[in-house]
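The values are calculated or read from the model by the stated rules, or taken from the named source; none is laboratory data. Quick caveat, the model's predicted, so the values are computed rather than measured. With ideal geometry, Cβ positions are generated from the backbone for all residues, glycine too; neighbour counts draw on all protein chains shown. These accessible areas exclude ligands, DNA and RNA; they are computed on the full protein's heavy atoms, side chains included. Shrake-Rupley method; radii C 1.70, N 1.55, O 1.52, S 1.80 Å.
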Amino acid sequence: LVERSDPLKTVGMVSALFSIMADDKTEEDQRKTNNQRLRFYATQPGIIIPDDWDQLTPEDQKERLDKMDSLNLEARA
């Protein structure tokens with residue numbers, strides 16, 4: 001049985017693990033973590049980065065990224 005690679009599932013796992021391992025003590029730390037997680041997703045064709053990304057609060061950014069992780073991990077389990 002040959003398994004197909006699922007890049008979005010892989011990116012979702014990497015992003016989720018990165019979020020867990022991040023030591024965000026300040027808003028700047030949280031923004032850096034969010035931006036790195038966004039870069040993971042930006043490697044995939046068809047992923048569109050919102051024009052207002054930098055205007056979102058770090059909490060809103062994290063919430064959106066967490067939803068992406070959840071969607072890609074649960075839907076592909």
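Give, rounded to the nearest 20 debye, the magnitude of the charge dipole that the chain has about its Cα centre when Lys and Arg contribute +1 at Cβ and Asp and Glu contribute -1 at Cβ.
Computed about the Cα centre, the dipole is about 380 debye.
Run the quick spin-label model on Ser5 and Trp53: label points 7 Å from Cα toward the beta carbon, then report their separation in nm to one decimal.
Label-label distance for Ser5 and Trp53, simple model: 2.3 nm.
Can you tell me the length gained on complete extension of the stretch Met13 to Ala42, counting 0.36 nm per residue apart and subtracting the Cα distance?
Taking Met13 through Ala42 to full extension adds about 9.0 nm, to one decimal.
Carbon and sulfur: what percent of the chain's accessible surface (1.4 Å probe)?
The C+S portion of the solvent-accessible surface of the chain is 56 percent.
Round to the nearest 10 and give me the degree value, 0 to 90, for the angle of helix 27-42's Cα axis relative to the longest principal axis of the chain.
30 degrees
Expressed as a rounded percentage, what relative contact order does the chain have, with Cα pairs under 8 Å and six or more residues apart?
43 percent
Taking the alpha carbon gyration tensor of the chain, what are the square roots of 5 times its eigenvalues, largest first, to the nearest whole Å?
Semi-axes from the Cα gyration tensor: 24, 14, 10 Å.
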